[in-house]
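The values are calculated or read from the model by the stated rules, or taken from the named source; none is laboratory data. Given the structure is predicted, the values throughout are model-derived calculations rather than measurements. Here the Cβ positions follow ideal geometry from the backbone for every residue, glycine too, while neighbour counts run over all protein chains shown. Side chains included, ligands, DNA and RNA excluded: accessible areas come from the protein's heavy atoms. Shrake-Rupley method; radii C 1.70, N 1.55, O 1.52, S 1.80 Å.
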Amino acid sequence: EVFQESSKAVCHYFNGTERVRLLEKHIYNRQLYVHYDSDVGYFVADSPMGESTARYWNSQPEMLEYRRSAVDTYCRHNYEVSTPFLVRRQ
C-alpha cells in the first residue's frame, strides 16, 4: 500500500497587494485533512483525521507566527518579484 502526503500554499491577491490571503492545504491520500487560512489566522480541520493535527499546530505559537508572517515574507515578496514578468509592459 502507498501513502502520500502533500501540501500546497496558494496566495490570493486582491487589488495588488492591498489585501493578500494565504491558503495552505495539507492532503493525505488525496483527502484534505487540515488547512491554514490567513484570513482566519489558525489551522482548521477539514476531516476527523485533521482535528488532532490542527489542535497540535494551533498550540504552537511559533508555528502560527511563522504562518501569519508568511503573507508578507512569501506572498507579498513573490508578488513584487514576479509582477514585472507577469504584467504586460506598456
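Some notes on this structure:
- Just so you know, in the stretch 39-55 the residues that are in contact (Cβ under 8 Å) with a residue 12 or more places away in the chain and part of a loop (DSSP other than H, G, I, E, B) include one that is farthest from Tyr66 (Cα to Cα), and it is Ser47.
- Cross-chain or 6+ apart pairs with Cβ under 7 Å, the stretch 63-77 first and under 15 Å from Asp37 (Cβ atoms) and aliphatic (A, V, I, L, M), then open to solvent by less than 90 Å² (accessible area, probe 1.4 Å) and outside any helix (DSSP H, G or I): Ala70/Leu22; Val71/Val20; Val71/Leu22; Val71/Ser38
- Restricting the stretch 12-34 to residues that are at pLDDT 95 or above and among the hydrophobic types (A, V, I, L, M, F, W, C), the residue that is surrounded by the most Cβ atoms within 10 Å (Cβ to Cβ): Val34
- Among the residues making up the stretch 56-78, those that are in a helix (DSSP H, G or I) and either open to solvent by less than 80 Å² (accessible area, probe 1.4 Å) or of a type in the set (Val, Ile, Thr) (or both) are Trp57, Asn58, Met63, Leu64, Arg67, Ser69, Ala70, Val71, Thr73, Cys75, Arg76, Asn78.
- If you check Asp37, Asp46 for being among the charged types (D, E, K, R), surrounded by 15 or more Cβ atoms within 10 Å (Cβ to Cβ) and within 11 Å of the chain's Cα centre (by Cα), only one passes: Asp37.
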